[in-house]
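**Q** Got a structure here, written out as structure tokens. Questions coming.
The values are calculated or read from the model by the stated rules, or taken from the named source; none is laboratory data. All values reported here derive from a predicted model rather than from experimental measurement. With ideal geometry, Cβ positions are generated from the backbone for all residues, glycine too; neighbour counts draw on all protein chains shown. These area figures cover heavy atoms from the full protein model, side chains too; ligands, DNA and RNA do not enter into them. Shrake-Rupley method; radii C 1.70, N 1.55, O 1.52, S 1.80 Å.
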Amino acid sequence: MTATAPAPAPDAKTDERLVKTSPLKKLMGRPELGSVVGAVAVFLFFSFVADSFLQATSLATVLYAASTLGIMAVPVALLMIGGEFDLSAGVLVTSSALISSMFSYQMTANVWVGVGVSLLVTLAIGVFNGVMLTRTDPPSFIITLGTFLMLTGMNLGFTKLISGTVSTKSISDMEGFSSAKDVFASTITIGGVDFKITILWWLALIVVATWILLRTRVGNWIFAVGGGEEAARAVGVPVAKTKIGLYMGVAFGAWISGQHLLFSYDTVQSGEGVGNELIYIVAAVIGGCLITGGYGSAVGAAVGALIFGMVSKGIVFAEWNSDWFKFFLGVMLLLATLLNHWVRKRAEATK
Amino acid sequence: MARVKTGVRTVGAVLVAVLGVTAGLTGCSSTGGKRAEDARKAATAQGKAAVNTPRWTFGMVTHSGDGDTFWDIVQSGAKQAARKDNINFLYAHDDEAQQQAQLVDSYIDKKVDGIIVTLAKPDAMKGALARAEKAGIPVITVNSGSAESKDFGALTHIGQDETIAGEAVGEELNKRGKKKALCILHEQGNVGHEQRCEGAKKTFDGKIQNLYVTGTNMPDVQSSIEARLQTDKSIDAVVTLGAPFADTAVKAADSAGSKAEVDTFDLNEKVAAGLKSGDLGFAVDQQPYLQGYQAVDLLWLYKYNADVLGGGRPVLTGPQIITKDQAAELEEYAKRGTR
């Protein structure tokens, strides 16, 4: 001990929340840590087994795959932190694309009008999910399963009824298409490599979602609602409002994905999207979101989407026998998740 | 609950505000859209019954999934023939074999006058066809199941032999001097898909590889094809097994900087346009419209005149190779959903 004033020893009486923790310890406690380690492992693995994986163009392809998934995985993760599920998220993307396409076409309106109408209707479906959930008793699993089936049927039924076939008509020759395509489906060339604009949307969503979660009161509400609904209600958290908001967030993500789908392929197949909702949930879980709610992060979900993108495209880059494609995908995801889980356990143990 | 109400009110206000913004944009599009289509349609008249035979009821049960473009064209062919032949046409589908068999059973219970069925999963349909035979209901098989059709007691089979269609692709690729091709399967475990790629492998002198993609997720289809083309620059042909995937494959080849030619099975409006513009090399059409139309028409002929076409042997509707030369003519038909 020198002559300088001794550092104040942590007082037993001080609030444990005010104790300063080292940056390293803080990092270890982050929910996305495991997934980041998993992502690095997957990245290194494919760098070794697939020659073309490290090319800039290949990475752009991987990022594209990750971003189309991540745009949905981030809001889905928020919803899961809030303790709820959305099984209708996959087909909602298709609904959103169908609405803008068919509205523009049938009304012979500027494409942007259809895009706006689609935003309204998609958000309204999110509100419907939220209101149904908060006003009634059944779990979100059942409610959104109902919405999932209804939307699947409506996607087909309305498309067939309105356009006479099961896919929409092409709107690529209509006014507003090219500017909408710039916003939702263009490519940005950096250093000779084409990057899809969905990557930007994805990054923006990560930033916004992280800000909401960590820096705003709403973020606290989301954690509180997911951690324990009754307790949250008891301390005055607006539970219903928070949950409706979370479903609207998912709807907003579905709207962006849907518009991307429409403007990159200019016709939409009405039967698409089924099954994707599970992949969004998988990405969120790989990213460290607890299936029971109350724990997780937007960055984690984004990294989960990145792992999924790297694995699904890495298998193609590695030119493995495609008969086994789904099997490889399952093995890689399981390994990534286990590693993630292990890292998190270690991190919690050292806390 | 008060909080919820304000929440809902806020949501409402936001929606109204966005609606206002949208309304501000309400420019109409002077190009394309419904108006242009109506103009095209004006000339096309709808047919009327051309015969005065009793109004028989025919039921069609396919293994189609929801919202499949191909089966939509089959249906429109069947409906056209039904209108002409004064037939009450019923349609049902399910991609689960067991469900499909149950649908056939329910048509038998309804005592329809004829049944059209696909045998994509033949074993599951065997019992249902036997029941139909016992009930004295004539059956025609379409699209898939040419090998089993006769054994199961069907009058005849109308469709394309998938292996033969694949072989036609292999030959066409040879003719075009291709060396290494990629076969894109958008449904893992579909027997017909496997047969197509197998058939192509049989006749193609170069190398052909399979690539499975998730057909219900277009961005995934695109990025998977892109990834493969980036890995292997020597691939000079990509064959998709369904019309909606051809355009996506073109985009993928584009962004991968690959020179590979994209060819496809089946036809739709976009494929016809792609052939015309040179984005696509060729399309293998099995004429789905013809499959639906002929099935209804042949059942009618059988009821009316006890006619059986093909002497019980399969009647092939394809493969027809379509290139740039025929594309312009077919585009118009594809646009109205009959090719």
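**Q** Take B:Y293 and decide whether it is out of contact with any strand residue (DSSP E or B) (no Cβ under 7 Å at 6 or more places or on another chain), over 23 Å from B:G337 (Cβ atoms) and assigned to a helix (DSSP H, G or I).
**A** Values: out of contact with any strand residue (DSSP E or B) (no Cβ under 7 Å at 6 or more places or on another chain): yes; over 23 Å from B:G337 (Cβ atoms): no; assigned to a helix (DSSP H, G or I): yes.
Considered against the rule, which asks whether it is out of contact with any strand residue (DSSP E or B) (no Cβ under 7 Å at 6 or more places or on another chain), over 23 Å from B:G337 (Cβ atoms) and assigned to a helix (DSSP H, G or I), B:Y293 comes out as no.
**Q** I'd like the residue in segment B:102-118 that is touching a residue at least 40 places away in the same chain (Cβ under 8 Å) and in a loop (DSSP other than H, G, I, E, B) and, out of all such residues, is farthest from B:V308 (Cα to Cα).
**A** Initial filter on segment B:102-118 (touching a residue at least 40 places away in the same chain (Cβ under 8 Å)): B:103-104, B:107, B:110, B:112-118.
Still in the running and in a loop (DSSP other than H, G, I, E, B): B:110, B:112-113.
Numbers: B:K110: 24, B:V112: 19, B:D113: 16 Å.
Step by step, filter segment B:102-118, then rank; the result is B:K110.
**Q** Which of the residues spanning segment B:238-273 are small (G, A, S), crowded, with 24+ Cβ neighbours inside 10 Å and more than 10 Å from every other protein chain (Cβ to nearest Cβ)?
**A** B:A246, B:A249, B:A260, B:A272
**Q** For B:K303, work out the one condition from (1) in contact (Cβ under 8 Å) with a residue 12 or more places away in the chain; (2) open to solvent by 20 Å² or more (accessible area, probe 1.4 Å); (3) within 14 Å of chain A (Cβ to nearest Cβ); (4) of a type in the set (D, E, K, R) it doesn't fulfil.
**A** B:K303 satisfies all of (1) in contact (Cβ under 8 Å) with a residue 12 or more places away in the chain; (2) open to solvent by 20 Å² or more (accessible area, probe 1.4 Å); (3) within 14 Å of chain A (Cβ to nearest Cβ); (4) of a type in the set (D, E, K, R) except (3).
**Q** Still on this model: Which of the residues spanning segment A:231-245 are open to solvent by 30 Å² or more (accessible area, probe 1.4 Å), farther than 13 Å from A:G294 by Cβ and not basic (K, R)?
**A** Within segment A:231-245, the subset open to solvent by 30 Å² or more (accessible area, probe 1.4 Å) is A:231, A:233-236, A:241, A:245.
From what's left, farther than 13 Å from A:G294 by Cβ: A:233-236, A:241, A:245.
Of everything in segment A:231-245, those that are open to solvent by 30 Å² or more (accessible area, probe 1.4 Å), farther than 13 Å from A:G294 by Cβ and not basic (K, R) turn out to be A:A234, A:V235, A:G236, A:G245.
**Q** Given A:L290, A:L262, A:L278, which one is open to solvent by 20 Å² or more (accessible area, probe 1.4 Å) and within 12 Å of chain B (Cβ to nearest Cβ)?
**A** On the way: A:L290 fails: within 12 Å of chain B (Cβ to nearest Cβ); A:L262 fails: open to solvent by 20 Å² or more (accessible area, probe 1.4 Å).
Matching residue, one of A:L290, A:L262, A:L278: A:L278.
**Q** Determine the pairs where a residue that is closer than 7 Å to B:K276 by Cβ, located within segment B:322-333, has a partner that is among the hydroxyl-bearing types (S, T, Y) with Cβ atoms under 9 Å apart, the partner being 6 or more residues away or on another chain.
**A** B:K324/B:S277; B:A327/B:S277
**Q** Here's a check for you: in segment B:52-98, which residue that is aliphatic (A, V, I, L, M) and without any contact (Cβ under 8 Å) to a residue 40 or more places away in the chain is most open to solvent (accessible area, probe 1.4 Å)? Please lay out each step first, then the result.
**A** To start, the set of residues in segment B:52-98 that are aliphatic (A, V, I, L, M) comprises B:60-61, B:73-74, B:78, B:81-82, B:87, B:90, B:92, B:97.
From the residues that got through so far, the ones that are without any contact (Cβ under 8 Å) to a residue 40 or more places away in the chain too are B:90, B:92, B:97.
On the way: B:L90: 40, B:A92: 18, B:A97: 24 Å².
Filtering first and then ranking leaves B:L90.
**Q** What are the residue pairs meeting all of these: first residue in segment B:173-200, first residue on the phi < 0 side of the Ramachandran plot, second residue hydroxyl-bearing (S, T, Y) and not in a strand (DSSP E or B), Cβ atoms under 6 Å, and 6 or more apart or on different chains?
**A** Qualifying pairs under 6 Å: B:K180/B:S234; B:G192/B:S144; B:Q195/B:T163; B:G199/B:T163.
**Q** Right, something else. Taking segment A:173-230, which residues are part of a helix (DSSP H, G or I), closer than 20 Å to A:L262 by Cβ and within 14 Å of another protein chain (Cβ to nearest Cβ)?
**A** Here is the first cut: in segment A:173-230, the ones part of a helix (DSSP H, G or I) are A:177-185, A:198-215, A:217-227, A:229-230.
When the remaining residues are screened for being closer than 20 Å to A:L262 by Cβ, the result is A:177-185, A:198-202, A:204-205.
Across segment A:173-230, the qualifying residues are A:F177, A:S178, A:S179, A:A180, A:K181, A:V183, A:F184, A:A185, A:T198, A:I199, A:W201, A:W202.
Residue-by-condition table, conditions (1) surrounded by fewer than 23 Cβ atoms within 10 Å (Cβ to Cβ); (2) at pLDDT 85 or above; (3) more than 18 Å from A:L78 (Cβ to Cβ):
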{"site": "A:S297", "(1), (2), (3)": "no, yes, no"}
{"site": "A:G304", "(1), (2), (3)": "no, yes, no"}
{"site": "A:I307", "(1), (2), (3)": "no, yes, yes"}
{"site": "A:W320", "(1), (2), (3)": "yes, no, yes"}
{"site": "A:F325", "(1), (2), (3)": "yes, no, yes"}
{"site": "A:F328", "(1), (2), (3)": "yes, no, yes"}
